[in-house]
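Notes follow once the structure below has been shown.
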């Protein structure tokens, strides 16, 4: 199973998902590793009343066994209400690291 699929499965197991996507952004980065950088969008009412820091920590905890297998994870975490007020996921920048 590829790493992206493992991340998808773990998120689905650990959170009540309203909207979820994960994008492999490794092509934007200079090292050329096939599964090194991901952007994760998760909309879940599990985040209701939870600070941004605690939301991130909950993702890190859920993915703790997988984290050593990749370099970066951009997190965009919202409640359903926040998502409905949002205009979309921020665009990622090209990483200059390692050049």
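Okay, residues lined up against (1) farther than 27 Å from residue 85 by Cβ; (2) under 13 Å from the mean Cα position of the chain (by Cα); (3) surrounded by fewer than 12 Cβ atoms within 10 Å (Cβ to Cβ); (4) in contact (Cβ under 8 Å) with a residue 60 or more places away in the chain:
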site	(1), (2), (3), (4)
3	yes, yes, no, yes
36	yes, yes, no, no
39	no, yes, no, no
48	no, no, yes, no
53	no, no, yes, no
56	no, yes, no, no
59	no, yes, no, no
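When residue 67 is tested against (1) over 12 Å from residue 3 (Cβ atoms); (2) in contact with a helix residue (DSSP H, G or I) (Cβ under 9 Å, 6 or more places away or on another chain); (3) modelled with pLDDT of 90 or more, exactly one condition is not met: (1).
The values are calculated or read from the model by the stated rules, or taken from the named source; none is laboratory data. Owing to the predicted nature of the structure, the values given are computational and were not obtained by experimental measurement. A quick note on method: Cβ atoms are made from the backbone with ideal geometry, for glycine too, and the neighbour counts reach across all protein chains shown.
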